[in-house]
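Remarks on the structure that follows.
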Amino acid sequence: MQLASIRMLPVSLPLKQPFTSAHEQLADRHVTLVQITTTDGLMATGELEAFDNPGYNTEMQASEAQVIRGFLVPPLKRNRDISSLNPDDLWPDVSGHRMAKAAVEMTLWSLAAQAEHQSLAALLAAEAKTEQRSEIEVGISLGIADLTQQLQRIAAAQAAGYSRIKLKVGGVADIAVINQIRRQFPTIQMIIDGNGAFTENDAAELQQLDALHVDMLEQPLASGDFAGHAQLQRQLKTPICLDEDILDLKDAQLAVLMGSCRAINLKPARVGGFTKALAILDYCQQHHIQCWVGGMVESDLGRYYSQSLARLITLSYPGDVGPASQFFETQVSDRVVKLTDGKLKLPEEAPRLLPAYQKQMMLQENLLG
Ligand code: OSB
Ligand code: MG
């Protein structure tokens, strides 16, 4: 696969309503679209998923766009013949910056799938030596809100066909709200996501969740607290699911060794792309850690990548991979996904940017010169 061009286009997407987590209140999503073409006429577009500020993790739109231009593109310019999709082979001299690597790596995967006349999901399944599905069950992540609003949102999500809800919480005060919600929706599959808002002193309050039969408690403690999560997991029946903490296969190995979690929210952007995500998935399967695919409030285009991964039968727990229309009024690509009868039906083809965005993209500099 011989590369011909790489272009980057920053876009701003207003949310229908602000999305509130313990990290921030997100009202406008800024992402950078990364488009790569090959000498034989293939084209794929990916998305840089970092946020504007270093709340979720240390990476940001501004810094990671800089890393792509300054450090990820130059090696590809020197060697345009891509034979490996492993970030360790593509960028042996770049440490960290996983979201920057993922934006390029996942786009290269989409090109590789096109070159082999396969869907991205089929290529991922072949690489993971497993099967894939064309329809998947999905969950929805609901930002922090008061009880009345949350009850309305949950009823709407259930009516729309979501199989599982995830409720963001900002601290122990919200556990009472979760209690009330559980009374109204006694059987719905539920995850509680703390985004690091709790401390080890909250263990007794968090134990209340055990009686509510929630599927998982996601990232209750601050990022990096593997020991704290291990101690908390010993005090809880509810499985802990790590998100922010798992940047690398080594983090998954540490979590297993310490007993810090029983599940992992696998976001390919957070771990540096598909090659890394599949390695983590493989390790977790061997160690009975449940993985499912998370979301980054991506555009419809970014969702193509996470939805393709979620098609693996080994990732069947409903992910945060519903239609991007849950967040945004407008699309950047021609991708059409529909949630009907509780299943998300997914097109096989790689999405194309809508003409207005493609026109803007062509005005950007070809970083390969
Ligand atoms: O913790 O999973 C998270 C959004 C932004 C930052 C962190 C998280 C989230 C979500 C959104 O929960 C999930 C989605 O994109 O549907
Ligand atoms: Mg999370």
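Things worth noting here:
- Against the conditions (1) in a loop (DSSP other than H, G, I, E, B); (2) farther than 30 Å from ASP282 by Cβ, THR130 satisfies every one except (2).
- Conditions (1) at pLDDT below 95; (2) touching a Leu at 6+ places or on another chain (Cβ under 6 Å): number failed by VAL104: (1)
- Apart from one condition, ASP174 fits all of (1) within 16 Å of ligand 1 (Cβ to nearest atom); (2) over 30 Å from ALA350 (Cβ atoms); (3) of a type outside the set (A, V, I, L, M, F, W, C); (4) open to solvent by 60 Å² or more (accessible area, probe 1.4 Å); the exception is (4).
- Qualifying position, being in contact with a helix residue (DSSP H, G or I) (Cβ under 7 Å, 6 or more places away or on another chain), open to solvent by 10 Å² or more (accessible area, probe 1.4 Å) and aliphatic (A, V, I, L, M), among ALA227, ALA222: ALA227
- Restricting attention to the stretch 321-369, the residues being out of contact with any Pro (no Cβ under 7 Å at 6 or more places or on another chain) and either part of a loop (DSSP other than H, G, I, E, B) or polar (S, T, N, Q) (or both) number 30.
Condition check ((1) within 12 Å of ligand 1 (Cβ to nearest atom); (2) at pLDDT 95 or above; (3) of a type in the set (Gly, Ala, Ser)) across all residues:
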| position | (1), (2), (3) |
| --- | --- |
| GLY143 | yes, yes, yes |
| ASP146 | no, no, no |
| GLN158 | no, yes, no |
| ILE178 | no, yes, no |
| MET190 | no, yes, no |
| ALA197 | yes, yes, yes |
| ALA204 | no, yes, yes |
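- First in the stretch 207-228 and away from ligand 2 (no atom under 15 Å from the Cβ), second anywhere and in a strand (DSSP E or B), Cβ under 7 Å, 6 or more apart: LEU209/ILE192; LEU209/LEU217
- Note on the stretch 180-213: residues that are surrounded by fewer than 19 Cβ atoms within 10 Å (Cβ to Cβ) and out of contact with any helix residue (DSSP H, G or I) (no Cβ under 7 Å at 6 or more places or on another chain) amount to 11.
- Within the stretch 4-23, restricting attention to residues that are part of a loop (DSSP other than H, G, I, E, B) and open to solvent by 30 Å² or more (accessible area, probe 1.4 Å), the residue that is farthest from ligand 1 (Cβ to nearest atom) is ALA22.
- Verdict on ASP251 being within 16 Å of ligand 2 (Cβ to nearest atom), part of a helix (DSSP H, G or I) and surrounded by fewer than 22 Cβ atoms within 10 Å (Cβ to Cβ): yes
- Qualifying residue in the stretch 275-286 (condition: surrounded by fewer than 19 Cβ atoms within 10 Å (Cβ to Cβ) and within 16 Å of ligand 1 (Cβ to nearest atom)): no
- Pairs linking a residue in the stretch 264-279 that is closer than 20 Å to ILE240 by Cβ to a residue that is among the hydroxyl-bearing types (Ser, Thr, Tyr) and within 16 Å of ligand 2 (Cβ to nearest atom), with Cβ atoms under 8 Å and 6 or more positions apart or on different chains, are LYS267/SER306.
The values are calculated or read from the model by the stated rules, or taken from the named source; none is laboratory data. Here the structure is a predicted model, which means the values were calculated and not measured. So basically every Cβ, Gly included, is an ideal-geometry build from the backbone, and we count neighbours across all protein chains shown. The accessibility values were calculated without ligands, DNA or RNA, using every heavy atom of the protein model including side chains. Shrake-Rupley method; radii C 1.70, N 1.55, O 1.52, S 1.80 Å.
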